[in-house]
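**Q** Got a structure here, written out as structure tokens. Questions coming.
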């Protein structure tokens, strides 16, 4: 059995069943082995950033790592931006990188580069296969590293000759290590107590179970908020919906104002996205005490359960009303948000890369039926479409909706081809304002005075206009352009009804 | 004057006049400063790999560095694959990367990453601005580092607060250091001498002047070859045209067979692109002596001039005949090559990323009028379109032709938008075989036996088919699909005649 086949069988033995791949010559034996290991699903992506983003989306929805298979240093380089996002999301991913054959490495061939240096930019877990016989046990160790709670990228660099040599035993699966126990909760008064107590939920505690537990504290008078970097958040009607920490420092500081104590659960104290000349980076009020109930590496759910054990189990919360579709007429961001919230089916998955269009749409989505919300965690755009690919492969019965800025869509549009090829149930809505609009705002906020026509041209992506209908159709996905509320409602409803991928370019 | 403005003025004082940019919040002050420093040409690209590839193409054609302006670690990450190609091409590039403000860095915000670690993967020249007052002198040092012969990427990491603070003096330009003198040539017999002598030309010696000098040695009985990694090669009728070292080991070994001595000029001894189970990596015959007339860091032109000083100045060479257009009928790679060679205008620039379609087309192009040939130097695909952007901006009077594989086009299609925006005279020909066809070949060569339908599907990019006419039009470039020789001839002639960018999808 070749090393490549041993690797695929070791992955399967550990429940790693999907591999997002953009292979090259050094990975050909893995590709060949797919015919002998048919349980491994190989998903071809035409750009490496789609592979890394899709693996992130897959693991956010399943809790299990997928594999990526990339080609030498430069292939890995193209995947790094979305690996950065996955790192900030604390997502488990098994990152396989083909390397030149060991004998060839000495010759500094064109594609030779320091793969370990590329890999280390997004994870300290960089492993290099040392012999063909070691491929099974080494792969098992790499998978274990990826799965160590809460999850991380673990790289395995595989010289080509080790994949075409006889490969030794398949790696033995070990049970995933449980998250470490949280510290004792005795310092924290669950019944509120004196002062104003806040709770910041991150990691798995932003999901359904954590929110249910946190709602008891809200009923006891706590202010509950969600870490902006939480990778997967339960949102919408039918459950407790705390606010997420806002993007800009001012509104975020308002959310935290007046707190005497802030309790962190799998989260870090909130900081602003960027630094600005005259604004704070650290957003919690200076006089507020910060308590770490569980670090991101600890079991925040167990800690929350212990903390809330004596509080009423179902304090209830008030669901916001369902929304009617917006009045007909020209599209605005607010109307789009209302329309999406009115039509979103139950149990959807929403991948959000709206950037400047986000706040009004997310406010409307609080009125939609319960859904899973997948935000950009590391601030690197080009994640929205790939994460949707992974989420759709993880959850075949559920509808995935991507809310995507036009600027951000252009970083990884190749994801549409994989959606078409794999017939994934994904509706993409492009918010086409034809600018890097967030930069219009940021230019002012950073105090960049005296800018004029030439500076404005550098955030203008509408000259020439991008035609997302043609781009998406060129990549195999049916698409339509809409300019009115009525057209959006008609086509969004149709796209949600029909199987397979579709794109709606909403002109703002 | 802000630090950002000092930086732009220092760049200009050194002849760095173009900046390929994909900016974000931390770069807003540079963008704003463009209105106060109008001599700096800011070229907006919608993906960072377009910036780095364009800077490579620009410097290959001008000999002078352009700047790139990228956004924090993940933005730089997206540019690394084409920086890898530029590193292997030994191209001078001034790589500017915005960083969080110094005060904000402590807070591990979402976009925080180790920018220096990303940067070091493609160059040891990683500089970090230490104060706003130092921006002029530091930038001058970074430019000098980039221009040190033969050229390299030099990074400057700039905290946002240093670009919005008062910036100190503009950096003084220093003349670029000349290349070091080559070693003495006394060991090498210019008149041929006993045995079979070969000459391998790299770096600047693959250009017109080096080829003219080398042709004297060819007339004296030497076998002259061109380094496969030479970044810019003069080709076509009207000048000496040595063969480039072939891609696969077997044909390359045939080119070198029987040599007793191989003289390297700004080149390294040839090695194969990939290692294969039973083939050599080092391609020169084992008994052949290798002499280093000039290293890549030395002045190979001066060395060649000294070596050939006593040889006849114009030995002449035989030009291959001009080609007629091919017979009408269905398109083949050979017919495409003949058609392109028949119609290519004089003094064109050809950016080559044909991959598997390359050999027959390049053989035909030996019959075209003299042109500059820009190959992929580091083996990372996604370079062909961006390099053309830079070459067209460098050489506004000349026609640029991109010969592009369909698989490779999909790594950086965003380059088409910049071509449309800047109205660049670039004709892209897509070789649409709808496969990663090189991998079909490589799968067999690496001995990956037993592969079947599932493996073949992983190199099949035709399911669903890509429609490059729609993709290009969606990005603002007029496009046409052709399936016959007659249609290709008609449209290629028209595209060469008309100004501005165009795309021809040639179905094979």
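The values are calculated or read from the model by the stated rules, or taken from the named source; none is laboratory data. Not measured: the values here are computed from a predicted model. Neighbour counts are summed over all protein chains in view; Cβ atoms, including those assigned to glycine, are modelled from backbone coordinates with ideal geometry.
**Q** On the basis of being more than 14 Å from every other protein chain (Cβ to nearest Cβ), part of a helix (DSSP H, G or I) and surrounded by 15 or more Cβ atoms within 10 Å (Cβ to Cβ), does residue A:213 make the cut?
**A** Numbers: more than 14 Å from every other protein chain (Cβ to nearest Cβ): yes; part of a helix (DSSP H, G or I): yes; surrounded by 15 or more Cβ atoms within 10 Å (Cβ to Cβ): yes.
Considered against the rule, which asks whether it is more than 14 Å from every other protein chain (Cβ to nearest Cβ), part of a helix (DSSP H, G or I) and surrounded by 15 or more Cβ atoms within 10 Å (Cβ to Cβ), residue A:213 comes out as yes.
**Q** Okay, moving on. Return yes when residue A:423 is under 18 Å from the mean Cα position of the chain (by Cα), modelled with pLDDT of 95 or more and either over 23 Å from residue A:202 (Cα atoms) or surrounded by fewer than 22 Cβ atoms within 10 Å (Cβ to Cβ) (or both) and no when it is not. Walk me through it before giving the result.
**A** Values: under 18 Å from the mean Cα position of the chain (by Cα): no; modelled with pLDDT of 95 or more: yes; either over 23 Å from residue A:202 (Cα atoms) or surrounded by fewer than 22 Cβ atoms within 10 Å (Cβ to Cβ) (or both): yes.
Spelling it out, it is not the case that residue A:423 is under 18 Å from the mean Cα position of the chain (by Cα), modelled with pLDDT of 95 or more and either over 23 Å from residue A:202 (Cα atoms) or surrounded by fewer than 22 Cβ atoms within 10 Å (Cβ to Cβ) (or both).
**Q** Please work out if residue B:352 is more than 18 Å from the chain's Cα centre (by Cα) and farther than 16 Å from residue B:492 by Cα. Write out each step before concluding.
**A** Working: more than 18 Å from the chain's Cα centre (by Cα): no; farther than 16 Å from residue B:492 by Cα: yes.
Against the criterion (more than 18 Å from the chain's Cα centre (by Cα) and farther than 16 Å from residue B:492 by Cα), residue B:352 does not qualify.
**Q** Being more than 25 Å from residue B:314 (Cα to Cα), touching a strand residue (DSSP E or B) at 6+ places or on another chain (Cβ under 8 Å), away from every other protein chain (no Cβ under 14 Å) and assigned to a loop (DSSP other than H, G, I, E, B): is that true of residue B:183 here? Break it down into steps so the answer makes sense when it comes.
**A** Values: more than 25 Å from residue B:314 (Cα to Cα): yes; touching a strand residue (DSSP E or B) at 6+ places or on another chain (Cβ under 8 Å): yes; away from every other protein chain (no Cβ under 14 Å): yes; assigned to a loop (DSSP other than H, G, I, E, B): yes.
The answer is yes for residue B:183.
**Q** Taking the options B:250, B:329, B:239, name whichever one is away from every other protein chain (no Cβ under 14 Å), under 21 Å from residue B:223 (Cβ atoms) and either crowded, with 21+ Cβ neighbours inside 10 Å or in contact (Cβ under 8 Å) with a residue 40 or more places away in the chain (or both). Break it down stepwise before answering.
**A** Details: B:250 fails: either crowded, with 21+ Cβ neighbours inside 10 Å or in contact (Cβ under 8 Å) with a residue 40 or more places away in the chain (or both); B:329 fails: under 21 Å from residue B:223 (Cβ atoms).
One residue alone meets the criteria, B:239.
**Q** Same structure, new question: If a residue counts only when it is more than 8 Å from chain A (Cβ to nearest Cβ) and farther than 30 Å from residue A:31 by Cβ, which strands (runs of 3 or more DSSP E) contained entirely in segment B:383-500 have at least 3 such residues? Show your work before the answer.
**A** Working: elements: B:400-405, B:426-432, B:479-482.
Result: B:479-482.
**Q** Here's another thing I want to ask about it. Quickly run through segment B:247-259 and pick out the residues that are part of a loop (DSSP other than H, G, I, E, B) and modelled with pLDDT under 95.
**A** B:247, B:248
**Q** Still on this structure: Where the second residue is assigned to a loop (DSSP other than H, G, I, E, B) and the first is at positive phi and lies in segment A:219-232, which pairs have Cβ atoms under 9 Å and are six or more apart or on separate chains?
**A** So the pair list comes out as A:221/A:191; A:221/A:192; A:221/A:193; A:221/A:196.
**Q** Moving to a separate point now. Evaluate the following for residue B:144: is it surrounded by fewer than 22 Cβ atoms within 10 Å (Cβ to Cβ), under 21 Å from residue B:60 (Cα atoms) and in the same structural domain as residue B:13 (by TED's automatic domain parsing)? So that I can check it myself, show each step before the final result.
**A** Working: surrounded by fewer than 22 Cβ atoms within 10 Å (Cβ to Cβ): yes; under 21 Å from residue B:60 (Cα atoms): yes; in the same structural domain as residue B:13 (by TED's automatic domain parsing): yes.
When the stated conditions are applied, residue B:144 passes them.
**Q** Quick one: which of A:129, A:69 is within 27 Å of residue B:52 (Cβ to Cβ) and not assigned by TED's automatic domain parsing to the domain that holds residue A:390? Even if it seems obvious, please write down each step before you answer.
**A** Working: A:129 fails: within 27 Å of residue B:52 (Cβ to Cβ).
Sole residue among the options that is within 27 Å of residue B:52 (Cβ to Cβ) and not assigned by TED's automatic domain parsing to the domain that holds residue A:390: A:69.
**Q** A follow-up question, please. Checking the conditions here, which among A:117, A:187 is without any contact (Cβ under 8 Å) to a residue 60 or more places away in the chain and either surrounded by fewer than 18 Cβ atoms within 10 Å (Cβ to Cβ) or closer than 21 Å to residue A:28 by Cα (or both)? Walk me through how you get there before you give the answer.
**A** Details: A:187 fails: without any contact (Cβ under 8 Å) to a residue 60 or more places away in the chain.
Being without any contact (Cβ under 8 Å) to a residue 60 or more places away in the chain and either surrounded by fewer than 18 Cβ atoms within 10 Å (Cβ to Cβ) or closer than 21 Å to residue A:28 by Cα (or both) holds for just one of A:117, A:187, which is A:117.
**Q** Here is a further query. Within segment A:79-87, identify whether any single residue is surrounded by fewer than 24 Cβ atoms within 10 Å (Cβ to Cβ), touching a residue at least 40 places away in the same chain (Cβ under 8 Å) and out of contact with any helix residue (DSSP H, G or I) (no Cβ under 9 Å at 6 or more places or on another chain), and answer yes or no. Before you say what the answer is, go through the steps one by one.
**A** From segment A:79-87, those surrounded by fewer than 24 Cβ atoms within 10 Å (Cβ to Cβ) are A:87; that's our starting set.
Among the residues that remain, those that are also touching a residue at least 40 places away in the same chain (Cβ under 8 Å) are: A:87.
Next, from what is left, pick out any that are out of contact with any helix residue (DSSP H, G or I) (no Cβ under 9 Å at 6 or more places or on another chain): A:87.
Yes - at least one qualifying residue is present in segment A:79-87.
**Q** Among (1) more than 12 Å from chain A (Cβ to nearest Cβ); (2) in contact with a helix residue (DSSP H, G or I) (Cβ under 9 Å, 6 or more places away or on another chain), there is one condition residue B:277 misses while meeting the rest; what is its number?
**A** All conditions are met except number (1).
**Q** What tally of residues in segment B:346-382 results from selecting those that are assigned to a loop (DSSP other than H, G, I, E, B), within 14 Å of chain A (Cβ to nearest Cβ) and closer than 22 Å to residue B:471 by Cβ?
**A** So the answer is 4.
**Q** Follow-up. Residues that are closer than 22 Å to residue A:109 by Cβ, in contact with a strand residue (DSSP E or B) (Cβ under 7 Å, 6 or more places away or on another chain), within 14 Å of chain A (Cβ to nearest Cβ) and not in a loop (DSSP other than H, G, I, E, B): does segment B:300-320 have at least one?
**A** For segment B:300-320, residues closer than 22 Å to residue A:109 by Cβ, in contact with a strand residue (DSSP E or B) (Cβ under 7 Å, 6 or more places away or on another chain), within 14 Å of chain A (Cβ to nearest Cβ) and not in a loop (DSSP other than H, G, I, E, B): absent.
**Q** Oh, and also: For residues that are modelled with pLDDT of 95 or more and facing chain B (nearest Cβ under 7 Å), tally how many sit in segment A:16-55.
**A** Counting residues in segment A:16-55 that are modelled with pLDDT of 95 or more and facing chain B (nearest Cβ under 7 Å) gives 5.
This table checks each residue for (1) more than 30 Å from residue B:227 (Cα to Cα); (2) facing chain B (nearest Cβ under 10 Å); (3) within 24 Å of the chain's Cα centre (by Cα).
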| site | (1), (2), (3) |
| --- | --- |
| A:110 | no, yes, no |
| A:118 | no, yes, yes |
| A:121 | yes, yes, yes |
| A:128 | yes, no, no |
| A:132 | yes, no, no |
| A:137 | yes, no, no |
| A:146 | yes, no, yes |
| A:153 | yes, no, yes |
| A:156 | yes, no, yes |
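**Q** Follow-up question, since we're still on this one. Any chance you could count how many residues in segment B:449-485 are modelled with pLDDT of 95 or more and surrounded by 18 or more Cβ atoms within 10 Å (Cβ to Cβ)?
**A** Result for segment B:449-485: 16.
**Q** May I pose another question? Let me confirm something: among A:160, A:134, which residue is surrounded by fewer than 22 Cβ atoms within 10 Å (Cβ to Cβ) and either touching a residue at least 12 places away in the same chain (Cβ under 8 Å) or outside the structural domain of residue A:87 (by TED's automatic domain parsing) (or both)?
**A** Details: A:160 fails: surrounded by fewer than 22 Cβ atoms within 10 Å (Cβ to Cβ).
Of the residues listed, the single one that is surrounded by fewer than 22 Cβ atoms within 10 Å (Cβ to Cβ) and either touching a residue at least 12 places away in the same chain (Cβ under 8 Å) or outside the structural domain of residue A:87 (by TED's automatic domain parsing) (or both) is A:134.
**Q** Now for a separate question. Residue B:362 fails exactly one of the following numbered conditions: (1) closer than 22 Å to residue B:508 by Cα; (2) surrounded by 22 or more Cβ atoms within 10 Å (Cβ to Cβ). What is the number of that condition?
**A** Tallying (1) closer than 22 Å to residue B:508 by Cα; (2) surrounded by 22 or more Cβ atoms within 10 Å (Cβ to Cβ), residue B:362 fails exactly one: (2).
**Q** Could you tell me whether any residue of segment B:452-470 is within 24 Å of the chain's Cα centre (by Cα) and under 21 Å from residue B:379 (Cα atoms)?
**A** Of all residues in segment B:452-470, those within 24 Å of the chain's Cα centre (by Cα) come to B:468.
Applying the additional criterion that residues be under 21 Å from residue B:379 (Cα atoms) yields none.
No: segment B:452-470 contains no residue that is within 24 Å of the chain's Cα centre (by Cα) and under 21 Å from residue B:379 (Cα atoms).
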